[in-house]
Each structure stands twice: as C-alpha cells, then as structure tokens.
Amino acid sequence: MNELIQKFETVFKEKNPQEFFAPGRINLIGEHTDYNGGYVFPCAITIGTYGLATKRQDTLVNLYSENFSELGVISFDLAELDYRKTDNWTNYPKGMIRYLQESGHVINRGMNILFYGTIPNGAGLSSSASIELLTGVILQNLFDLHLAELELIFTGKRVENEFIGVNSGIMDQFAIGKGQKDKAILLDCDTLAYEMVPVVLGDHKIVIMNTNKRRELADSKYNERRSQCESALSQLQTKLTIDSLGQLDEETFFGNQSLIDDPILLKRAKHAVTENQRTIKAATALKSGKLEEFGQLMNASHRSLRDDYEVSGIELDTLVEVAWEQPGVIGARMTGAGFGGCGIAIVAVDKIDEFIQNVGASYQAKIGYPADFYLASISDGAKYLGVK
Ligand code: GLA
C-alpha cells in the first residue's frame with residue numbers, strides 16, 4: 001500500500017488519497033446458471049483490485065492502472081461519458097460513472113484514481129466486475145451517494161451488459177459486492193434471495209489453477225451459449241409454464257426433453273437444469289460437512305460443462321482431469337465462464353505441494369506452457385479501507 005501511495009503521489013502530484021479494495025471471485029459450483037434463473041455458489045477472494053482516489057475541483061476524470069502502466073493516465077471529462085474503444089480498461093469505471101449519474105446521483109467533480117489489480121489478467125476471476133464494484137464504492141465515498149440496496153451490483157451488471165456488450169448474469173457483481181470472509185453465497189438468481197454459507201473445509205484448502213490461456217472469443221461464445229439456452233427455453237414453453245430453465249427439476253426436464261428439436265440446444269439445457277440441481281445439493285452437502293459429496297458434485301459439474309455445455313477446452317480439461325487423479329483431492333472443476341481462465345481444486349493441506357508439482361508438470365508437458373497456482377482465501381466484498 002505504501003508503494004501504491006507513493007505511485008499515486010508521483011502520477012497525480014497529490015497526497016492523502018482514500019484507499020479502497022474490491023475482491024475477485026471464484027464460483028464453487030453453479031456455472032452458467034445465473035442467466036438461466038438458477039442457483040450459483042460463489043465467494044469473494046483476497047486477490048482483487050486496490051484503488052486510491054481523490055476528488056478534483058474541475059470535471060476531469062484521470063485514471064491510471066499499475067497493471068497497464070504503458071497506457072499512462074487516461075483522461076475524460078464528466079461531459080463525455082460515451083464508450084470509446086481507445087479508452088481501453090477505463091470503459092469499466094466510465095460506465096459506472098455514467099449509469100450512476102443517469103440514475104440521478106450527483107457526480108459533479110472530476111477525480112484522480114490509481115488502480116492496482118492482483119487478479120491475473122484474463123484469468124476469469126472477474127477482474128472487470130472487481131473494477132466496476134471498486135469504482136462504485138469510490139464514487140459512493142467521494143460523493144456521499146445514497147444508494148439503494150444492491151444498486152452498485154445492478155449498475156455493474158448494466159455496465160457489462162449495455163456499455164461493454166457482454167450479456168453476463170448477476171453472479172460476479174453479486175459475489176464481489178456482497179462477499180464475506182470465509183463464506184460462500186448461495187444465491188437464487190431468480191429471486192435474488194441468498195444465504196451466506198460458511199466454507200469449512202477442515203484440513204483442505206482451495207487451490208486456484210490458472211490455465212494462462214488467453215480468453216479469445218470468450219465474449220461471443222458466452223453470448224452464443226446464452227441465446228442457445230433461450231431458444232431451448234422457448235421450445236419447452238410450448239408446453240410447460242416456466243419462466244426460466246432454473247424452474248425445472250430434472251424429472252420434468254427429462255420427461256419433456258422431446259420438445260427440444262435440436263441436439264445441441266438439448267445438451268445446453270440439460271447442463272443448465274442439472275447444474276442447478278447439483279448446486280442446491282452441493283450447498284446442502286457443504287452445510288452438513290459432507291465434503292466428499294461436495295467434491296463429487298464439483299467433478300460432475302465439470303463433466304457437464306465439458307460434455308454438454310462445451311465451454312471448458314483442452315487447457316481446463318487437462319488441469320482438472322489431472323487434478324482428479326492426485327492424492328488428497330476432494331474435487332476439481334473449472335470456475336467462471338470457461339474458454340480458458342481458471343479451475344479450482346479442493347486439496348488436503350499436506351498434499352498441496354505435491355499437487356502443484358504434479359498438475360503443473362503434466363500441464364506443461366501436454367499444453368506446452370506453464371499453469372499457475374494460487375491458494376484462495378475467501379474475503380469480504382468491495383469496501384472503503386480508510387486514509388493514511
Ligand atoms: C461469467 C459471467 C457470470 C456467469 C459465469 C458463468 O463469469 O459474468 O454472470 O454467467 O460467467 O457461470
């Protein structure tokens with residue numbers, strides 16, 4: 001933090017910035033269920049984004065990221081809050097300012113903000129939602145905004161959907177906004193009812209496995225999956241009275257699957273329905289300390305994402321399948337949207353070194369470049385840290 005403060009002073013020639021943090025997230029289980037009105041089970045993690053900020057007297061917004069230092073300070077005026085490709089990563093904070101203003105909040109002065117993310121770029125740990133929620137708490141604090149419950153979470157999602165153009169669900173912003181240390185959030189994305197569930201893993205820890213694969217085409221494939229689910233839903237609706245795939249239990253789904261005329265759409269819907277049921281079972285298993293069962297459900301989730309939803313890819317499959325064979329592993333799966341990014345594994349503490357060694361070596365041998373591994377600690381959501 002002291003180095004960041006010094007950097008802030010050098011870049012902006014100002015002292016005493018306010019300090020903020022927003023986490024990244026992992027999802028324990030419940031993948032591609034949020035936009036299908038199902039359950040997700042994510043947690044915020046201590047890897048995230050730090051922000052240092054001061055308010056200006058004029059209307060200029062100056063943004064600098066330690067992660068993109070080669071881009072220098074990117075500036076725009078509060079009167080020009082349109083999406084611009086050349087503004088690069090700053091479109092996320094810009095979108096937050098714009099939509100909060102549109103909702104009637106008074107943001108009438110410029111600001112200087114330094115961002116520093118410890119989330120590896122493109123790792124699928126929601127660096128973009130982290131930047132959105134970080135910007136949200138900065139604006140809340142600097143301008144003393146009176147926000148409705150969940151307003152920053154919805155605004156972040158709106159930035160993603162309308163400003164950036166990714167048709168994502170509510171999971172990432174919800175996890176990053178609402179996270180609590182050592183708890184996972186069992187969220188019903190249909191009603192937004194949620195429950196904080198303690199993550200008690202005994203002698204085990206969550207290891208994050210990064211494929212280091214660039215997530216090219218991720219956004220268009222993501223939007224494609226989403227519209228495939230919508231098509232499957234509308235075919236089911238010719239007979240069933242449902243608003244989302246999340247409202248179907250497995251028995252009703254399999255009893256009516258002949259309503260779906262296309263084998264690809266059928267596989268996509270099957271994933272959405274079965275993953276939702278697995279998530280409910282997994283949360284119950286975790287609450288009752290049935291770790292083995294929890295791990296089996298994680299493994300089944302990965303197989304469904306690999307075979308039915310087809311979003312894993314060789315890199316994630318390699319990491320996860322090698323992980324399954326290691327001693328001390330309770331379960332492993334991809335986490336997040338897929339198409340590269342990260343997997344997670346629950347591993348016995350005394351086997352973690354061996355795990356990283358073995359999985360890392362197999363991955364390097366098969367894929368040709370190394371994976372990275374981090375221990376996940378479950379953290380609080382986006383927050384103001386104070387001022388030095
Ligand atoms: C991305 C999206 C989320 C969710 C996951 C898949 O992280 O932002 O809304 O759909 O993919 O579960």
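The values are calculated or read from the model by the stated rules, or taken from the named source; none is laboratory data. If you're wondering where the values come from, they're calculated on a predicted model, not measured in any experiment. For neighbour counting, all protein chains shown are included, and Cβ atoms are generated from backbone atoms with ideal geometry for every residue, glycine included. Surface areas here come from the heavy atoms of the whole protein model, side chains and all, with no ligands, DNA or RNA. Shrake-Rupley method; radii C 1.70, N 1.55, O 1.52, S 1.80 Å.
The Cα atoms of the stretch 204-373 define a convex hull whose projected area, averaged across directions, is 10.3 nm².
Relative contact order of the stretch 204-373, taken over Cα pairs closer than 8 Å and 6 or more residues apart, is 32 percent.
Net charge dipole, the chain: roughly 520 debye, given to the nearest 20, about the Cα centre with Cβ charges of +1 for Lys and Arg and -1 for Asp and Glu. Of the GluC sites (Glu not before Pro) found in the stretch 91-189, those in coil by DSSP whose Cβ has at most 13 other Cβ atoms within 10 Å are GLU149.
What is the packing order of peptides 73-79, 340-346, taking the mean over residues of other C-beta atoms within 10 Å and listing the highest first?
Working: 73-79: 15.0, 340-346: 26.7.
For the peptides 73-79, 340-346, the packing ranking is 340-346, 73-79.
Within the straight-line cut-off of under 23 Å between alpha carbons, the lysines reachable from LYS13 are LYS55, LYS94, LYS388, sequence neighbours fewer than 8 places apart in one chain being disregarded.
Between the residues ASN256, THR155, VAL329, the greatest Cα displacement towards the positive end of the dipole of the chain, with unit charges on the Cβ of Lys, Arg, Asp and Glu, is found for THR155. Normalised by the number of residues in the chain, the average gap of Cα pairs under 8 Å and 6 or more apart makes the relative contact order 25 percent. Near the amide H of LYS213, within less than 5 Å, lie the amide hydrogens of GLY341, all on another chain or at least 5 residues away, with H placed in the peptide plane.
Only four residue types carry charge here, +1 at the Cβ of Lys and Arg and -1 at the Cβ of Asp and Glu. Report the dipole size of the stretch 204-373 about the Cα centre in Debye, rounded to the nearest 20. Walk me through the intermediate numbers first.
Numbers: 20 positive and 24 negative charges, 41 e Å.
Result for the stretch 204-373 is approximately 200 debye, rounded to the nearest 20.
Under the combined filter of DSSP loop state and at most 12 neighbouring Cβ atoms within 10 Å, the stretch 197-259 retains these GluC sites (Glu not before Pro): GLU216.
Give a quick list of GluC sites (Glu not before Pro) in the stretch 280-388 that DSSP marks as loop, anything other than H, G, I, E or B, with at most 15 other Cβ atoms within 10 Å. Please list the in-between numbers first.
Details: sites: GLU292, GLU293, GLU310, GLU315, GLU321, GLU325, GLU354; in loops: GLU310, GLU325.
Hits after loop and neighbour filter: GLU325.
Using a 10 Å cut-off on Cβ atoms, rank the peptides 168-181, 133-146, 6-19 from the highest mean neighbour count down.
Values: 168-181: 24.3, 133-146: 21.9, 6-19: 15.3.
Put in order of decreasing packing, that is 168-181, 133-146, 6-19.
Roughly speaking, to the nearest percent, how much of the stretch 204-373's 1.4 Å accessible area is carbon and sulfur? Summing carbon and sulfur atoms, their accessible area is 48 percent of the total for the stretch 204-373.
Of the three principal axes defined by the Cα atoms of the stretch 61-145, the extents in descending order read 34, 22, 19 Å. Proximity of backbone amide H atoms, modeled 1.01 Å from N, is registered between GLY169 and TYR35 at under 5 Å, excluding neighbours fewer than 5 places apart on the same chain. Among the protein heavy atoms of the stretch 20-154, carbon and sulfur supply 47% of the accessible surface, probe 1.4 Å, non-protein parts ignored.
Solvent exposure of the chain, expressed per residue, is 41 Å² of accessible area, with all protein chains present and a 1.4 angstrom probe.
At a Cα cut-off below 26 Å, give the lysines reachable from LYS183, other chains included and same-chain residues fewer than 8 away excluded. Leaving aside lysines fewer than 8 places away in the same chain, those within reach of LYS183 are LYS157, LYS205, LYS281, LYS287, LYS290, LYS351, LYS383. Amide H to amide H distances under 5 Å link LYS183 with VAL199, where only residues 5 or more positions off or on other chains count and H is placed in the peptide plane. Each of LEU236, ALA193, THR274 was scored by the projection of its Cα onto the charge dipole of the stretch 193-283, and the greatest displacement toward the positive side belongs to THR274; charges sit on the C-beta of Lys, Arg, Asp and Glu. Pairwise alpha-carbon distances in the chain exceed 33 Å for 32% of all pairs. Listed by chain and number, the lysines whose C-alpha is less than 20 Å from the C-alpha of LYS267, apart from same-chain residues fewer than 8 away, are LYS221, LYS239.
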